[in-house]
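So the structure is just underneath, and the comments pick up after that.
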Amino acid sequence: MAAAEITDSLEADAFKKLYPDQFYARFIADGIRPDGRPLGRARTASIGLGAVSTADSSALVKFGNSTALAGIKLEIMVPKDDTPNQGQLSIAVEMAPMCSPDMRPGRPSDAAQVLVEQLNNALLASAKAVNLDDLCIDPGKAAWVAYLDIYVLDSDGSLADVTLLAAVAALATLRLPHVAVTDGGNVVPSSEAAEAAAPDEMAVEPTKLQLRSVPLALTCGLYKDQLIVGLTAEEEALVATSVTTIVDDQGRLIGQLKAGGRAEMDIARLQDCIEAAKLRYAELAGILQQAITQYDGSG
Amino acid sequence: MARRDTSVPYQPQSRPEAVVSDTGERLDGRGLEEFRSAFLSPHALSQAAGSAYAECGKTKVMVGVYGPRQSARATAFSEQGRVQCDVKLASFATRQRRRFGQSTDERELSGLLATALEAAVLRHTFPKSCIDIYCLVLESGGSELTVAITAAAMAIADAGIAMADVVTACSVSRVAGQLLLDPTADEAFREDGSVLLAMMPAANLVTQLVVTGEWSSAQMKQALCLCMGGCLQLDAVTRKALASSEEQALAAMRIE
Amino acid sequence: MLSQHERHYIQQGMAQNVRNDGRTCEHYRPLKLEVGVLNMTSGSARVKLGGTEVVVGVKVDIATPSPDAPDAGLAYYDVEISPLAGPEYLGYAGSELGASLAQRLARSMQAGSDGRGGAVDLTALGIIKGKTCWAMYVDALVIRVDGNVLDAVSIAAKAALADTKLPSISVTEAEGEDDEPELEVDDDPSASVRLETPSVPCIVTVSQAGRSYVVDLCEEEEQCVDASLHIAVTAQGSLRGITKQGSSGIDLGSLQEMLGIAQRVGPKLIQVVDQHIASGAATAQEED
């Protein structure tokens, strides 16, 4: 009995390796995917906040196997002359060489560059999720620069979705310390500066960074005229084209990227992607809010 | 966008001066010869052939192993397989932010890690090929190299690559004449000497030894003894973690 | 590359304590050492250990101390393999080897985070606390490789540091509150101060071949050993930095033996080196 089971599973594995497209097509024809999900369902998300104590805020996000860790470190800068009231948000993505067999250490990959572009668009340019004025300390003298670095640890598809959620979660839990600029031009905790001036003043709690909007992404693919939602790495290799849609908490479309591929998509299909993204948004927003409330509650 | 080099770190707290109290208690409540509690978990990643996640106090390390496969670097023929290591610290892993791009200490850690693992891997089983060990330190709370060595050995085992024995590593810091086992970053900062030992516990062979600072023979013996005890303790934890991970994998296969 | 038979022959010789050139296992090759060979440096030395040849130059420059050690200076170690040593040292392979040699040399000299406890007392390099200090750059250039490069580099570095003189500096206190103290560097070489180097170690590389332990390997012998320990030893016989190299494990008994050998051979080696340095300094003084 056991021998037959093993032979069956070996045959299935061999078929999958030799004819991946046919293997997949058989599942899709039945309206289901190899991991058991229906075509319209994305993977469950899990969010872990504050995992790295050396970072000013951090978030570990997993969609199935796809894993990204975002960490923010705050540093001080002198604001630029033409924007004296603004700080800076510097985003970087690194595909850790362990995340996929194609990655090698040293060379920054193309995939990482694309992800950085999408994150910059989502958080700064289009959605203006972060208002850089919030990062100012003393106009013209000092401001915060938040280095948001995201490491992709396990690359199993939907990287744009995972990295954006990790970035948003890290930003949502970022607390800006209360600081003041001394006469000598140094930035010190306000309690110190306040003690020097008026010793009776109480120490002030760090302030949370307010996100003006919360953008989240969903990657969908087109396979034999069927829309597949929330792709794994294997699926990304099989679909004819994929589209990443970013929507925010007010239901606005922040961005949509269809990067080439072997098939075209008509407007109706793109609308379907937007609807799917909105549905996914409700799901993710709930999980994110729960995680943040738990994290804030634990101090 | 302003250049990254134009910002300065903000660090209100300096490192504690005294790391051991008069009663021999350390800042986190441990005794001088006590290990931090270790969490070791093989098969943490899906894409890599083998992987492991290790957490020792505030030091968190993720390791992924690929191979045996063709070496991207070396082209010369070699009868023995190559063990290629790459260690990186995340930019937010340390108190002060690190720049992207490999620094000299990361290159050094990679070399030391490779030497620690080479003796244990049965390299004649994959001639002309190599195994790639990618290590990312997510949080650096002290003794990164020791945690990386132990995690990497687990990841290699998880990948099914033939090994003579697992490798466990342990380090000792000397602060004000006292020997502290498994130091944290604050303790290592105040050290005037350190000993790192990596060994194959069952075979009783040392695969890596890194010593800094001035040591007399007697003190060196003491430190080595302490490290060996730590390695043996860690060995039990490592084997248990690997065994339970294997059991889980087998159980999952049976259900399918 | 060596054939299996050549390797066997060399290992048998080591087992019988008679190596190809007649040395015993604990014997160093003839050492030639000169100090003060480079005019444009603050200290320099050139070492020939058998066929291996290394030149080390020490330069000092004004720098800002690290915030963790405001009253101490800085020391940087760098090793480069010259393409003269062979075409195999061009490019990545050479720079990787150089980097690992530099790390081992730096480890043998390492000070604590406060600048104290190192082979060279870095507080002697401090000028104005928190603001100015000397940064010492120890640069080694390997000209010829015939085995045991690290020991040769370490001997040359020790000699170069013993030869190093720091320019004399006078600090004039600031006049007003906002003024910086003034620094005046004395150009006169006779006014310079010699660096104190009593604790600078020499690295003794002890290698294991079967059951024999051998020091100072020539190039062919290096291909016949299983594992090595680079052990930095001071004149007093204490250990100052250890790194293991090689793809075999070392059992604990062998480890103790190898440490013992280094502690025996090291002080003798340092004696020889000190004698060379002293006679070199004597020759220099005669010439003056």
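The values are calculated or read from the model by the stated rules, or taken from the named source; none is laboratory data. The structure displayed is predicted, hence computed values, not measured ones. Don't worry about glycine lacking a Cβ; one is built from the backbone with ideal geometry, like all the others, and counts go over all protein chains shown.
Do we have any residue at all in the stretch B:4-23 that's buried (at least 20 other Cβ atoms within 10 Å of the Cβ), in contact with a strand residue (DSSP E or B) (Cβ under 7 Å, 6 or more places away or on another chain), farther than 30 Å from B:Asp186 by Cα and among the hydroxyl-bearing types (Ser, Thr, Tyr)? Checked the stretch B:4-23: no residue is buried (at least 20 other Cβ atoms within 10 Å of the Cβ), in contact with a strand residue (DSSP E or B) (Cβ under 7 Å, 6 or more places away or on another chain), farther than 30 Å from B:Asp186 by Cα and among the hydroxyl-bearing types (Ser, Thr, Tyr).
Regarding the stretch A:99-111, can at least one residue be identified that is closer than 27 Å to A:Gln294 by Cα and within 11 Å of another protein chain (Cβ to nearest Cβ)? No, that holds for no residue.
Condition first: free of Cβ contacts under 8 Å to residues at least 40 places away in the same chain and of a type outside the set (Asp, Glu). Now tell me which residues in the stretch A:56-96 satisfy that.
So in the stretch A:56-96, the residues free of Cβ contacts under 8 Å to residues at least 40 places away in the same chain come out as A:80-82.
A:Lys80 - this is the single residue of the stretch A:56-96 that is free of Cβ contacts under 8 Å to residues at least 40 places away in the same chain and of a type outside the set (Asp, Glu).
Residues considered: B:Cys130, B:Cys170. Of these, the only one that is buried (at least 24 other Cβ atoms within 10 Å of the Cβ) and within 28 Å of C:Leu229 (Cβ to Cβ) is B:Cys170. Residues in the stretch B:146-160 that are surrounded by fewer than 24 Cβ atoms within 10 Å (Cβ to Cβ) and within 12 Å of another protein chain (Cβ to nearest Cβ): B:Ala159 alone.
Among residues of the stretch C:212-256 being hydrophobic (A, V, I, L, M, F, W, C) and part of a loop (DSSP other than H, G, I, E, B), the one that is farthest from the other protein chains (Cβ to nearest Cβ) is C:Cys218.
For every residue, the table says whether it meets (1) within 21 Å of A:Ala240 (Cβ to Cβ); (2) of a type in the set (Val, Ile, Thr); (3) more than 9 Å from every other protein chain (Cβ to nearest Cβ).
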site	(1), (2), (3)
A:Lys16	yes, no, yes
A:Asp21	yes, no, yes
A:Leu39	yes, no, yes
A:Ala45	no, no, yes
A:Ser53	no, no, no
A:Asn85	no, no, yes
A:Met95	no, no, yes
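Looking only at the stretch A:237-255, which residues are surrounded by 14 or more Cβ atoms within 10 Å (Cβ to Cβ), over 21 Å from A:Ser155 (Cα atoms) and not small (Gly, Ala, Ser)? It would help to see each step written out before you state the result.
Filtering the stretch A:237-255 for residues surrounded by 14 or more Cβ atoms within 10 Å (Cβ to Cβ) gives A:238-249, A:253-255.
Next, only the ones that are over 21 Å from A:Ser155 (Cα atoms) stay: A:247-249, A:253-255.
Across the stretch A:237-255, the qualifying residues are A:Val247, A:Asp248, A:Asp249, A:Leu253, A:Ile254.
If you check C:Met40 against the conditions, is it without any contact (Cβ under 8 Å) to a residue 40 or more places away in the chain and out of contact with any helix residue (DSSP H, G or I) (no Cβ under 7 Å at 6 or more places or on another chain)?
Against the criterion (without any contact (Cβ under 8 Å) to a residue 40 or more places away in the chain and out of contact with any helix residue (DSSP H, G or I) (no Cβ under 7 Å at 6 or more places or on another chain)), C:Met40 qualifies.
Just a yes or no: is a residue in the stretch A:35-46 over 17 Å from the mean Cα position of the chain (by Cα) and free of Cβ contacts under 8 Å to residues at least 60 places away in the same chain?
To start, the set of residues in the stretch A:35-46 that are over 17 Å from the mean Cα position of the chain (by Cα) comprises A:35-41.
Still in the running and free of Cβ contacts under 8 Å to residues at least 60 places away in the same chain: A:36, A:38.
Within the stretch A:35-46, one or more residues are over 17 Å from the mean Cα position of the chain (by Cα) and free of Cβ contacts under 8 Å to residues at least 60 places away in the same chain.
Scan the stretch B:87-105 for residues that are at pLDDT 90 or above and either more than 7 Å from every other protein chain (Cβ to nearest Cβ) or in contact with a Cys (Cβ under 8 Å, 6 or more places away or on another chain) (or both) and jot them down. The answer is B:Val87, B:Lys88, B:Leu89. In this structure, B:Gln84 does not qualify as surrounded by 18 or more Cβ atoms within 10 Å (Cβ to Cβ), free of Cβ contacts under 8 Å to residues at least 24 places away in the same chain and either assigned to a strand (DSSP E or B) or within 11 Å of another protein chain (Cβ to nearest Cβ) (or both).
Looking at B:Glu79, B:Glu34, B:Glu106, just one residue is more than 19 Å from the chain's Cα centre (by Cα) and of a type in the set (Asp, Glu), and that residue is B:Glu79.
If you scan the stretch C:74-97, which residues turn out to be in contact (Cβ under 8 Å) with a residue 40 or more places away in the chain, exposed (fewer than 14 other Cβ atoms within 10 Å of the Cβ) and of a type in the set (Gly, Ala, Ser)? C:Gly86 - this is the single residue of the stretch C:74-97 that is in contact (Cβ under 8 Å) with a residue 40 or more places away in the chain, exposed (fewer than 14 other Cβ atoms within 10 Å of the Cβ) and of a type in the set (Gly, Ala, Ser).
Within the stretch B:112-131, is even one residue at the interface with chain A (Cβ under 10 Å from one of its Cβ atoms) and more than 22 Å from B:Lys240 (Cβ to Cβ)? Looking through the stretch B:112-131, none of the residues is at the interface with chain A (Cβ under 10 Å from one of its Cβ atoms) and more than 22 Å from B:Lys240 (Cβ to Cβ). Being within 22 Å of A:Ala127 (Cα to Cα) and modelled with pLDDT under 90 is a property that A:Leu209 has.
Might you let me know whether the stretch C:46-69 holds any residue that is out of contact with any His (no Cβ under 6 Å at 6 or more places or on another chain), surrounded by 18 or more Cβ atoms within 10 Å (Cβ to Cβ) and within 12 Å of chain B (Cβ to nearest Cβ)? Yes; the residues of the stretch C:46-69 include at least one that is out of contact with any His (no Cβ under 6 Å at 6 or more places or on another chain), surrounded by 18 or more Cβ atoms within 10 Å (Cβ to Cβ) and within 12 Å of chain B (Cβ to nearest Cβ). Looking at the stretch B:108-115, is at least one residue part of a loop (DSSP other than H, G, I, E, B) and free of Cβ contacts under 8 Å to residues at least 12 places away in the same chain? Scanning the stretch B:108-115, I find no residue that is part of a loop (DSSP other than H, G, I, E, B) and free of Cβ contacts under 8 Å to residues at least 12 places away in the same chain, so the answer is no.
Check whether at least one residue in the stretch C:88-96 is charged (D, E, K, R), touching a Lys or Arg at 6+ places or on another chain (Cβ under 7 Å) and closer than 24 Å to C:Arg240 by Cα, and report yes or no. Step through it out loud before you land on a result.
Residues of the stretch C:88-96 that are charged (D, E, K, R), as a first pass: C:88, C:96.
This time we only want the ones that are touching a Lys or Arg at 6+ places or on another chain (Cβ under 7 Å), so: none.
Checked the stretch C:88-96: no residue is charged (D, E, K, R), touching a Lys or Arg at 6+ places or on another chain (Cβ under 7 Å) and closer than 24 Å to C:Arg240 by Cα.
If you filter the stretch B:116-125 down to residues that are in a loop (DSSP other than H, G, I, E, B) and closer than 17 Å to B:Pro68 by Cβ, you find that the one that is nearest to the chain's Cα centre (by Cα) is B:Ala120.
Of all the residues in the stretch A:135-165, those that are surrounded by fewer than 17 Cβ atoms within 10 Å (Cβ to Cβ) and not basic (Lys, Arg) number 3.
Kindly indicate whether B:Leu45 is in a loop (DSSP other than H, G, I, E, B), touching a strand residue (DSSP E or B) at 6+ places or on another chain (Cβ under 6 Å), more than 30 Å from C:Glu96 (Cα to Cα) and at the interface with chain A (Cβ under 10 Å from one of its Cβ atoms). Yes.
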